[in-house]
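Asker: Questions regarding the structure given below will be posed in turn.
The values are calculated or read from the model by the stated rules, or taken from the named source; none is laboratory data. Everything numeric in this text was worked out from a predicted model, so none of it was measured. For neighbour counting, all protein chains shown are included, and Cβ atoms are generated from backbone atoms with ideal geometry for every residue, glycine included. Only protein heavy atoms, including side chains, enter the accessible area calculation; ligands, DNA and RNA are left aside. Shrake-Rupley method; radii C 1.70, N 1.55, O 1.52, S 1.80 Å.
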Amino acid sequence: GTSNGWIAPASPLLVPGRQRNGRGCLTSSSSSSSRTTLNSAVPVEESAAVPPATSSSSSAAIRKAELKAQALKEGGLFTFNTKYGALNPFAIYYGLTSIFLGLFWYAALTGCQLLYFITRGRVDRLKRLPIFFTQVWGETLMFLTRCAPKIENRHILKDFFKQKKAALICANHNSWMDIPFLGYTAGWRNYKLVSKAELGKVPILGKAIRVGGHVMVDRSNRRSQLMTLKSGMKWLKDGVHLCTYPEGTRTKTGRIGTFKNGSFKMAHKTGAPVIPLSIVGAGKAMPHYWMFPFRPSNFCKVVVHEPIASDDKTEDELAKAVRDAIISGLPEDQKPLK
């Protein structure tokens, strides 16, 4: 997980990979059933003699086999695994479509970059153009792949946008599809995503982050974190929405995790309201062990909640209110265990 709760994860299209160990195996927390299977195969008096490296390797192999079997069950007969995640015919179609559209996206971003260089940043000061081209790419991709989610309570956003003020938009996070879902929900508005600095080095995605003026933070650098706070606050004061996932990372269990307060500092210090979003079902369209979604995600939905004021609460109270609102819109299998 991340330490500050501001970080948006990398796209599997542009950073195609899952966490892997040195042998290229998918890694994840082993389930209790995996440990039971491992331990039952070793006599009690001998289990203590098993070298830690061997035990770890066996656990990773068992987990890899479990994920492979699960992916085959989900994706059908033509599913196969790669070191970047599972693929099936639909996932391949989604990936090729996104890459093809990404070529035009990259060209448009390069044009924006050239415009800003020639005008020395005097044109499009709020970096609206790169967000527009990103939205074109995302919505076209979701239309062609039937991955656009249903949106409940869209009227809440429409009514809020009429007020001409910025908000911090927060959502739960258990799949990469949460990112295009959030952008699709925000619509044709100028918004910035808070992301980790490493993504700035990734082709296409890195260019979109830099040219679009998105907020980047180096998690290992305290000064960078302070600059992120100032940058985010400035965008909010300028009327630009900020989007973030307060959990700081995707949950692998499907259930909402704990929130970090980092993202709420920006809203609290500027008095900007927070709009909670409950993203439902994204993990069933693209679990963490898939490279791309294995089926259309038009069965997913995003529930928009009423804006929550930040100027009458502490940061902790604000975080709790937002988390409670998001949980209220989730199904039982995505709610935290009691």
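Asker: Would you list TYR84, TYR116, TYR106, TYR184 from the most to the least accessible area, probe 1.4 Å?
Answerer: TYR106, TYR84, TYR184, TYR116
Asker: Here's something else I'd like to know. Residues with amide H under 5 Å of TRP290's amide H, sequence separation 5 or more or different chain, H placed in the peptide plane at 1.01 Å from N; which?
Answerer: ALA86
Asker: Continuing with this model, one more query. Holding the Cα-Cα limit at 20 Å, pick out from LYS150/LYS313; LYS260/LYS335; LYS158/LYS265; LYS196/LYS338 the pairs that are longer than that.
Answerer: Values: LYS150/LYS313 32 Å; LYS260/LYS335 17 Å; LYS158/LYS265 25 Å; LYS196/LYS338 32 Å.
From LYS150/LYS313; LYS260/LYS335; LYS158/LYS265; LYS196/LYS338, over 20 Å: LYS150/LYS313; LYS158/LYS265; LYS196/LYS338.
Asker: Something else now. Straight-line reach from LYS64: which lysines have Cα under 21 Å away, leaving out those fewer than 8 places along the same chain?
Answerer: Candidates past the 8-residue exclusion: LYS73, LYS83, LYS252, LYS284.
Asker: OK, next. By how many nm would the segment from LEU126 to LEU226 grow when fully extended, if each residue of separation counts as 0.36 nm and the alpha-carbon distance is taken off? All intermediate terms of the calculation are to be shown ahead of the outcome.
Answerer: Values: separation 100, 0.36 × 100 = 36.00 nm, distance 2.09 nm.
Using 0.36 nm per residue and subtracting the Cα-Cα distance, I get 33.9 nm.
Asker: So, one more: 5 Å is the cut-off here: which amide hydrogens, built 1.01 Å from N in the peptide plane, fall below it relative to HIS173, excluding neighbours closer than 5 in sequence?
Answerer: Those qualifying (amide H under 5 Å, at least 5 residues apart or on another chain) are THR251, GLY257.
Asker: Sticking with this structure for a sec: Which net charge results for the neighbourhood of TYR93, defined as the other residues with beta-carbon distances under 14 angstrom from its beta-carbon, given Lys and Arg at +1 and Asp and Glu at -1?
Answerer: Working: positive: ARG146, ARG295; negative: none.
Neighbour charge sum, excluding TYR93 itself: +2.
Asker: Does anything in segment 279-294 have its amide N under 18 Å from the 7 Å Cα→Cβ label point of PHE78, and if so which residues?
Answerer: Backbone N within reach: 291-294.
Asker: Any chance you could run the full-extension gain for ALA107 through ASP311? It's 0.36 nm times the residue separation minus the Cα-Cα distance, nm to one decimal. Show your work: numbers first, answer last.
Answerer: Details: separation 204, 0.36 × 204 = 73.44 nm, distance 4.17 nm.
Full-extension gain reported as 69.3 nm.
Asker: Note down the nm distance, to one decimal, between modelled labels 7 Å out along Cα→Cβ at PHE143 and at ALA69.
Answerer: With each label point 7 Å from Cα toward Cβ, the separation is 4.3 nm.
Asker: Using modelled backbone amide H atoms (1.01 Å from N, in-plane), which distant-in-sequence or interchain residues come within less than 5 Å of GLU152's amide H?
Answerer: VAL302, VAL303, VAL304
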